[in-house]
Amino acid sequence: MNRPAQIRTMPRRVLDIGCGDAQKIKRWALQKPGWQFEGNHVPDVHIARIPTDLPSNVHVKEADTFDYTKDKPDEHYSMVTSDMHIGWYKGREKDPRVYAERVTSEAHRLLAPGGQFKVITLDGAGDVTRRIMEKAGFRDVTQRQIMGKEIWKTEWTLRYSMPRPSLVQVTGIKPK
Ligand SMILES: C[S@@+](CC[C@H](N)C(=O)[O-])C[C@H]1O[C@@H](n2cnc3c(N)ncnc32)[C@H](O)[C@@H]1O
């Protein structure tokens with residue numbers, strides 16, 4: 001896959017919003033020891049607590065999304081991801097659509113030019129996710145159904161990817 005030149009050259013700092021059991025960033029961090037990974041989540045009855053064996057380049061905090069991001073500078077990350085989180089958000093913002101718009105705008109603020117925002121959601125929510133990303137200023141927004149074998153093996157992604165692929169990944173790029 002072709003990535004924007006800026007992403008290839010910038011120090012890679014990744015935020016996973018609503019990271020759950022952090023299995024995705026843990027596995028990714030082991031493959032990319034030079035990158036820095038952060039994740040935030042809130043205690044959730046369905047999700048294991050923060051693993052005790054995280055690699056040193058992974059930092060996970062129990063914090064509401066906006067409490068976590070509010071002090072982060074603009075253009076701080078080269079990638080922001082959020083898997084199975086936006087429709088599952090439990091917090092101060094009660095309207096899921098408004099939360100989706102707010103978190104997408106926050107991802108746009110936090111990303112360096114050329115950075116990517118990647119969302120995994122149920123396939124029925126793909127179109128609205130794409131429109132919200134475009135409205136927030138992301139470009140080259142693509143949407144594709146993802147197969148079970150491509151999905152990080154977390155409790156939630158496995159639950160929704162089996163027995164048939166029912167998840168989509170929507171990706172947008174912050175323009176340079
Ligand atoms: C369905 S789980 C998905 C977890 C993980 N991303 C995955 O793919 O397995 C939803 C996640 O959203 C997080 N979450 C819900 N409300 C939140 C909030 N107000 N702030 C931060 N994270 C929140 C939960 O803690 C949980 O980790």
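Using DSSP to define loop residues, name the chymotrypsin sites (Phe, Trp or Tyr not before Pro) in segment 57-128 whose beta-carbon has at most 10 other beta-carbon atoms within 10 Å.
For chymotrypsin sites (Phe, Trp or Tyr not before Pro) across segment 57-128 that sit outside H, G, I, E and B with at most 10 neighbouring Cβ atoms in 10 Å, the list is empty.
Under a Cβ-only charge scheme (Lys and Arg +1, Asp and Glu -1), can you give me the dipole magnitude of segment 5-173 about the Cα centre, in debye to the nearest 20?
380 debye
Report relative contact order for the chain in percent, whole number only (criteria: Cα-Cα under 8 Å, sequence separation at least 6).
21 percent
Compute the separation of the alpha-carbon centres of segment 121-140 and segment 36-115 and state it in Å as a whole number.
Using only Cα atoms, the two centres lie 17 Å from each other.
What percent of all Cα-Cα pairs in segment 5-173 falls into each 10 Å bin, going from 0 up to the bin containing the maximum distance?
Result returned by the calculation: 10, 40, 41, 8, 0.
I want the antiparallel fraction of DSSP beta bridges within the chain, as a percent rounded to 5.
Once the DSSP bridges in the chain are tallied, antiparallel ones form about 40 percent.
Bear in mind that the values in this text are calculations on the coordinates, not laboratory data. It should be emphasised that the depicted structure is a prediction, and the values quoted were computed from it without experimental measurement. No Cβ is skipped: glycine too gets one built from the backbone with ideal geometry, and neighbour counts run over all protein chains shown.
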